[in-house]
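Q: I have a structure I would like to understand better, so I am pasting it below and will then ask my questions one at a time.
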Amino acid sequence: MTRKRRYAALAVTTALLGTGGVIAAPVAAAAPVAAPDAAAGATITGEKWLDDRTVDLTVASPAVGASLPVRVVLPAGFAANPNRTWPVLYLLQGAHDDYTSWTRETDVVSFLANQNVLTVMPSSGPTGIPTDWWNNGRANAPDYETFQVDELMGLLRERFRAGSTRAVAGVSTGGYGALAFAARHPGTFRAAASYSGILDTTAPGMPTVLSAIVAREQLSPLTLWGSPLLNRDNWIRHNPAAQARNLKGTKLYISQGSGLPAGGGGNLEGAVLEGALWSQANRFTRQLDALNIPAKVHLYSGGVHDWPYWQQEFKASWPTLAAGLGLS
C-alpha cells in the first residue's frame, strides 16, 4: 500500500473498531461546484499523450460540475484499423486513489496489449464512489454515474470509435461501481467484475464503512445518499444487492478475501478492512444463487485490501470479462 492508501485503510479500520459503528464528528460538506451549461454536453478540453497508446483526457462534465481526468489505453491495432469500432473495458479506481491507479499498480497495459479492447480509467472523485451524490437534495449534486455511463461513453464513441459492447471492473469502491452500474443500467455492460467491492451497502457495518470513506475526504457522510435510515429508499436504489435481479444476463466475477484471522503479511489495516467486507460479499453471492444468476465467485481465506491481490484477481476474471466483450 502507498502511504496515502494505508491512511485511508486506517481511517476505515478506526471507524469500524473504535466508534461502535458511528462516525463521531462528520465534517461539513464541500461547497457545490457550479456546473457548466448542461445543454452543451460533456467535452474533451485536453489531451496529453503518454505514449502511442496511452492518453490522459481532461473532460468537462456538466453532470459532475467539474473537469475530470480520464486515462485511455488504445488497442495495439487502433491506428491500423481506422474504420472499426472497439469494445470498451472500464476499470474503476478505489477509495482515496485516482484514475492512474490501475496503470500505476498493475501490469494491465501489457496484459491487454494483444487484446482488441479500448481500456478506460475514469476519475470517480476523491472518495472513489462513482455515484450520483444526494448532497442534501441539491439539484447540482455531483453525478459521477451519469459522467461515466453516459457522458464519457458518448465522447469515446466520437473520439475513439468506442462500440456498444462494454464491460466494467473495479476494486473496492470501484467494485461497488462495477456492480451498481451493471444493475442500475441493465444491458449496458455485458460483464462486470468486483474485487473486494462493497456490494451490499445496507448490510450490517457497511453504512459505517461508506461513512468513514466519505468523512476521510472532509465531507459529511450524509452527502452521499442521505441517512441510511431516513433516506433508506435512496440507499436501496443504489445498493447492488437490492437491485441484483437486474444482473441476470450479465457475466459476473466476484472475489473477496476473508482478511483476518488469516492475516495479510503484516498489513493489519488492509487485513481488517478486507475482513470487514467478507460477510456482505458472501451475502451478495448467496443472493445471486437464490435468483439463479450465475457468477464466477472466488471467496478466499486471508488476503488484504490491496493491489497485489486485485491484480491477480483481475487476471483470473479476464476470461469472464473477455467473454462479455466478445474477445477470445
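The values are calculated or read from the model by the stated rules, or taken from the named source; none is laboratory data. Computed from a predicted structure; not experimentally measured. Counting neighbours? That spans all protein chains shown, and the Cβs are built from the backbone with ideal geometry, glycine included.
Q: When the residues of segment 190-209 are narrowed to those that are among the hydrophobic types (A, V, I, L, M, F, W, C) and touching a Phe, Trp or Tyr at 6+ places or on another chain (Cβ under 6 Å), which ends up surrounded by the most Cβ atoms within 10 Å (Cβ to Cβ)?
A: Within segment 190-209, the first condition is being among the hydrophobic types (A, V, I, L, M, F, W, C), and the residues that meet it are 191-193, 198-199, 203, 206, 209.
Restricting the remaining residues to those that are touching a Phe, Trp or Tyr at 6+ places or on another chain (Cβ under 6 Å) gives 193, 198-199.
Details: ALA193: 32, ILE198: 29, LEU199: 28.
The selected residue is ALA193.
Q: Does segment 263-311 hold any residues that are surrounded by fewer than 21 Cβ atoms within 10 Å (Cβ to Cβ) and in contact with a His (Cβ under 8 Å, 6 or more places away or on another chain), and which are they?
A: Matches in segment 263-311: none.
Q: OK, next. Quick check on this structure: which one of ALA290, ALA322, ALA244 is under 25 Å from THR131 (Cα atoms), modelled with pLDDT of 95 or more and not β-branched (Val, Ile, Thr)? Walk me through how you get there before you give the answer.
A: On the way: ALA290 fails: under 25 Å from THR131 (Cα atoms); ALA322 fails: under 25 Å from THR131 (Cα atoms).
None of the other options fit; the residue is ALA244.
Q: While we're on this one: Looking at segment 100-128, which of its residues are crowded, with 17+ Cβ neighbours inside 10 Å, part of a loop (DSSP other than H, G, I, E, B) and in contact (Cβ under 8 Å) with a residue 40 or more places away in the chain? Break it down stepwise before answering.
A: Keep residues of segment 100-128 that are crowded, with 17+ Cβ neighbours inside 10 Å, which gives 101-103, 105-106, 108, 112, 115-128.
Still in the running and part of a loop (DSSP other than H, G, I, E, B): 106, 112, 115-117, 123-128.
Selection gives THR106, GLN115, ASN116, VAL117, SER123, SER124, GLY125, PRO126, THR127, GLY128.
Q: While we're looking at this one, here's another question. Only one of (1) surrounded by fewer than 19 Cβ atoms within 10 Å (Cβ to Cβ); (2) assigned to a strand (DSSP E or B) fails for PRO87. Which number is that?
A: (1)
Q: Please list, ordered by residue number, the strands (runs of 3 or more DSSP E) wholly in segment 43-82 having 1 or more residues that are in contact with a Ser or Thr (Cβ under 7 Å, 6 or more places away or on another chain) and surrounded by 19 or more Cβ atoms within 10 Å (Cβ to Cβ). It would help to see each step written out before you state the result.
A: Details: elements: 43-49, 54-61, 66-73.
Ranges flagged: 54-61, 66-73.
Q: Of (1) crowded, with 24+ Cβ neighbours inside 10 Å; (2) outside any loop (DSSP other than H, G, I, E, B), GLY94 satisfies all except one. Which?
A: Checking GLY94 against (1) crowded, with 24+ Cβ neighbours inside 10 Å; (2) outside any loop (DSSP other than H, G, I, E, B), the one that fails is (2).
Q: Of everything in segment 211-245, what is crowded, with 17+ Cβ neighbours inside 10 Å and in a helix (DSSP H, G or I)? Give them in sequence order.
A: SER211, ALA212, ILE213, VAL214, ALA215, ARG216, PRO221, LEU222, THR223, ASN234, TRP235, ALA244 - these are the residues of segment 211-245 that are crowded, with 17+ Cβ neighbours inside 10 Å and in a helix (DSSP H, G or I).
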